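Just below is one structure, and these are the notes that go with it.
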Amino acid sequence: MLVVIPPAPFGRLGAVLSALIVVACLVGLTMHKDFYAGRPRRGFFLYYTNLSNLIVLLYFSLIAPRLYARAALRPLIAHVEFAVMMSIMLTAVVFDRVLMPAVFAQMRRAQRTRDFFIVLADNVFIHYLVPWLTFAYWLLCGPQKGTLTAADAGLWTLIPLGYLACVLQYARRGPCIPETDSPYPYPFLDVRRRGATGVTLTCAGMLAACLGCGLLAVLLLRAGFFVFGGGHALLLI
């Protein structure tokens, strides 16, 4: 059965998902900030994970209501939501494929203290729950996805590229990130240890993967609209 779901502000599913996303972002970011552990974490926004979660939080709590409320701005929604969704899904994929093995090995050796469970919970929230809730919202409730083009597959990469430029500039001049021995937030960006060539190749490969995933998402979406017809959002049940 094919069901057409209305835009989020006019549909219960969208309202529920957007509320869950905001709550998950708030809980995850405050835990990741070590708020519940009683010690603030410095260098917090040098990490893409935290920035991408902040982008999601700001979009669903402040930006989306204004875009949906103004008819003149509604054509922007599909393009903005695609960029937000792709930027947070990058967080999930990189953590799961690149960083998770080291994190998992470290947590296996750690004592099962209160801090351990805080770290475990915040990783689940910011690396998995928020990204997949955002993806579900975009897929099921995002309006006008049929207007997305190949240009959108490239434009969203401006978010991670802007982050990369800022981080590399900081690492070039800034001190080590507090509680670490490196000015680089992620090991695969550490020019001092991997060399400029190694970091460049890694970043180029990740950029190519980002562009490829963006194009694939747009192509699959267009194929879905071609086969099943138009609508704000499509759900097969």
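The values are calculated or read from the model by the stated rules, or taken from the named source; none is laboratory data. Here the structure is a predicted model, which means the values were calculated and not measured. Using ideal geometry, Cβ is built from the backbone for each residue, glycine included, and neighbour counts are taken over all protein chains shown. Ligands, DNA and RNA are stripped out before the accessible areas are found, and what is left, the full protein with its side chains, is counted by its heavy atoms. Shrake-Rupley method; radii C 1.70, N 1.55, O 1.52, S 1.80 Å.
Does ARG112 fit the bill of being more than 23 Å from LEU158 (Cβ to Cβ), outside any helix (DSSP H, G or I) and either open to solvent by 70 Å² or more (accessible area, probe 1.4 Å) or among the polar types (S, T, N, Q) (or both)?
On the way: more than 23 Å from LEU158 (Cβ to Cβ): yes; outside any helix (DSSP H, G or I): yes; either open to solvent by 70 Å² or more (accessible area, probe 1.4 Å) or among the polar types (S, T, N, Q) (or both): yes.
Yes; evaluated as a whole, the condition is true for this residue.
Pick from GLY195, GLY224, GLY212: which is closer than 19 Å to ILE88 by Cα and without any contact (Cβ under 8 Å) to a residue 60 or more places away in the chain? Break it down into steps so the answer makes sense when it comes.
Values: GLY195 fails: closer than 19 Å to ILE88 by Cα; GLY224 fails: closer than 19 Å to ILE88 by Cα.
The conditions single out GLY212.
Which of the residues that make up region 142-171 are in contact with a Cys (Cβ under 9 Å, 6 or more places away or on another chain) and either among the basic types (Lys, Arg) or in a loop (DSSP other than H, G, I, E, B) (or both)?
Those that are in contact with a Cys (Cβ under 9 Å, 6 or more places away or on another chain) and either among the basic types (Lys, Arg) or in a loop (DSSP other than H, G, I, E, B) (or both): TRP156, THR157.
When only residues in region 30-57 that are modelled with pLDDT under 90 and in a helix (DSSP H, G or I) count, which is surrounded by the most Cβ atoms within 10 Å (Cβ to Cβ)? Before the answer, list the steps.
In the first step, residues of region 30-57 are kept if they are modelled with pLDDT under 90; the result is 30-46.
If we keep only those that are in a helix (DSSP H, G or I) as well, we get 30-32, 44-46.
Values: THR30: 13, MET31: 20, HIS32: 23, PHE44: 17, PHE45: 11, LEU46: 21.
Among those residues, the one meeting the criterion is HIS32.
I need the full set of residues from region 172-192 which are in a loop (DSSP other than H, G, I, E, B) and open to solvent by less than 50 Å² (accessible area, probe 1.4 Å), in order please. Lay out the reasoning, then the answer.
Quick first cut of region 172-192, residues in a loop (DSSP other than H, G, I, E, B) only: 174-186, 190.
Result: GLY174, ILE177, PRO178, SER182, PRO183, TYR184, PRO185, TYR186, ASP190.
Within region 156-171, track down each residue that is surrounded by 13 or more Cβ atoms within 10 Å (Cβ to Cβ), without any contact (Cβ under 8 Å) to a residue 24 or more places away in the chain and under 13 Å from LEU51 (Cβ atoms).
CYS166
In the list VAL93, VAL98, VAL80, VAL119, which residue meets the criterion of being at pLDDT 95 or above and surrounded by 14 or more Cβ atoms within 10 Å (Cβ to Cβ)? Spell out the reasoning first.
Working: VAL93 fails: at pLDDT 95 or above; VAL98 fails: at pLDDT 95 or above; VAL119 fails: at pLDDT 95 or above.
One residue alone meets the criteria, VAL80.
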